[in-house]
Amino acid sequence: MPSRALPPPPPPVQLRTWPDRQTLLTDRGMALDELRRTYLAAHRLLLLWLCAFGGVIGWALLVQPFQLIEDKDPLAFVLGPVFVILGLAALAPAVVGVVLGMRRDRHIRELTDAWFALDTDPAADARLRSPGAGLTWCLSSLVVCALGLWASLGTAAYAEPGRDTYVDVTFGMGAGIILWLTGLIGVRKALGHYRWAVRRLSPAPARNGAHR
């Protein structure tokens with residue numbers, strides 16, 4: 001699935017050809033609105049969770065060889081490498097997806113700062129706060145963080161000797177850490193957007209427009 005195209009950065013000062021300030025503000029508002037919707041889009045939150053799910057599946061496959069060895073399964077040395085390959089095949093795309101998503105977020109923020117610096121339009125800029133989308137990211141990510149902590153700490157604290165094996169504990173803690181990190185990424189993104197909005201959208205003396 002191809003990534004949604006982002007607005008290009010504003011042209012350099014010497015290449016700007018807006019006929020008047022209103023045209024500049026219109027283009028600026030359209031670019032900022034598109035960047036805002038892309039940054040806090042619901043499908044990007046779902047993609048983050050999908051990467052977490054892939055990471056948990058990959059971790060589950062990676063610990064399977066140890067389960068076979070613990071069970072003294074004669075096929076451990078045959079199936080073990082297969083599970084390792086399948087685990088890496090599931091885990092690697094998940095990690096790459098998260099890294100690419102974070103890089104895209106940084107690029108969106110750079111574009112947003114560049115367009116925002118062109119001029120000021122308080123009425124249009126107020127939409128950039130996006131309190132609903134930011135709160136959705138924050139609360140849902142906190143839930144994922146809580147699930148991750150419960151899974152990792154609960155697995156270690158309530159493991160029953162003779163019933164829960166070391167492999168079970170390892171899987172539970174690893175899956176919990178993956179969920180916790182996923183939630184932490186979402187919370188960090190939501191709080192980062194909130195801090196940006198407070199810093200950039202707070203009332204301030206009018207700036208001179210950058211339009212030339």
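The values are calculated or read from the model by the stated rules, or taken from the named source; none is laboratory data. Nothing here was measured: the structure is a model prediction, and the numbers come from that model. A quick note on method: Cβ atoms are made from the backbone with ideal geometry, for glycine too, and the neighbour counts reach across all protein chains shown. Ligands, DNA and RNA are stripped out before the accessible areas are found, and what is left, the full protein with its side chains, is counted by its heavy atoms. Shrake-Rupley method; radii C 1.70, N 1.55, O 1.52, S 1.80 Å.
Does residue 15 satisfy the criteria of being at pLDDT below 95, under 30 Å from residue 125 (Cα atoms) and open to solvent by 80 Å² or more (accessible area, probe 1.4 Å)?
Yes: the conditions hold for residue 15.
Consider the range 18-46. How many of its residues are open to solvent by 90 Å² or more (accessible area, probe 1.4 Å) and in contact (Cβ under 8 Å) with a residue 12 or more places away in the chain?
Of the residues in the range 18-46, 2 are open to solvent by 90 Å² or more (accessible area, probe 1.4 Å) and in contact (Cβ under 8 Å) with a residue 12 or more places away in the chain.
On the basis of being within 26 Å of the chain's Cα centre (by Cα) and closer than 20 Å to residue 176 by Cβ, does residue 58 make the cut?
yes
Is it the case that the range 116-135 has a residue that's surrounded by fewer than 14 Cβ atoms within 10 Å (Cβ to Cβ), at pLDDT below 90 and hydrophobic (A, V, I, L, M, F, W, C)?
The answer is yes, given that some residue of the range 116-135 is surrounded by fewer than 14 Cβ atoms within 10 Å (Cβ to Cβ), at pLDDT below 90 and hydrophobic (A, V, I, L, M, F, W, C).
Is the range 105-113 home to any residue that is closer than 16 Å to residue 38 by Cβ and of a type in the set (A, V, I, L, M, F, W, C)?
So in the range 105-113, the residues closer than 16 Å to residue 38 by Cβ come out as 105-113.
If we keep only those that are of a type in the set (A, V, I, L, M, F, W, C) too, we end up with 108, 111.
Yes - at least one qualifying residue is present in the range 105-113.
Only one of 182, 155 is at pLDDT below 80, polar (S, T, N, Q) and surrounded by 14 or more Cβ atoms within 10 Å (Cβ to Cβ). Can you tell me which?
Among 182, 155, only 155 is at pLDDT below 80, polar (S, T, N, Q) and surrounded by 14 or more Cβ atoms within 10 Å (Cβ to Cβ).
From the list 75, 100, 91, which residue is under 17 Å from the mean Cα position of the chain (by Cα), farther than 30 Å from residue 201 by Cα and not charged (D, E, K, R)? Full working, then the answer.
Details: 75 fails: under 17 Å from the mean Cα position of the chain (by Cα); 100 fails: farther than 30 Å from residue 201 by Cα.
Step by step, each of 75, 100, 91 is checked, and only 91 is under 17 Å from the mean Cα position of the chain (by Cα), farther than 30 Å from residue 201 by Cα and not charged (D, E, K, R).
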